[in-house]
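*Asks:* Have a look at this one before I ask anything.
The values are calculated or read from the model by the stated rules, or taken from the named source; none is laboratory data. Keep in mind the model is a prediction, meaning the values are calculated, not measured. Glycine gets a Cβ as well: all are built from the backbone with ideal geometry, and neighbour counts include every protein chain shown.
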Amino acid sequence: MKEEDNLKDKIHPKYFETTITCACGNVIHTRSTVKNIHVEICSNCHPFFTGKQKLIDTAGRVERFRRKYKSLEEKKEKKEAESVEKQGSALRQAQGGEQSQTAEK
């Protein structure tokens, strides 16, 4: 007795033998309500399963993100450089003040 024989008519979708084909070329044979499924990533090429880092940039999203936050990063670096410069000048002034005090004694 097949599993399909136990199902009521007209309320369940058809269940087919199908193949899932990945963009990397991997083919998986299974059963589904959809025939011939095409996917972009499977367990053979997904970084989580392979352990390899593979950058998948859909429609330039990574580049757009970098462009968007590039100005913020530049401002942060500039602010840090100014802060270091101010600390250095304050340190030089403090050392100059100590030298003049020792010269007066």
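*Asks:* T58 passes all but one of (1) modelled with pLDDT of 75 or more; (2) outside the structural domain of T21 (by TED's automatic domain parsing); which number fails?
*Replies:* (1)
*Asks:* Return the residues of segment 14-28 that are assigned to a loop (DSSP other than H, G, I, E, B) and among the polar types (S, T, N, Q); say none if nothing qualifies.
*Replies:* Matches in segment 14-28: N26 only.
*Asks:* Continuing with the same structure: State whether one or more residues within segment 27-39 are hydroxyl-bearing (S, T, Y) and touching a Phe, Trp or Tyr at 6+ places or on another chain (Cβ under 9 Å).
*Replies:* yes
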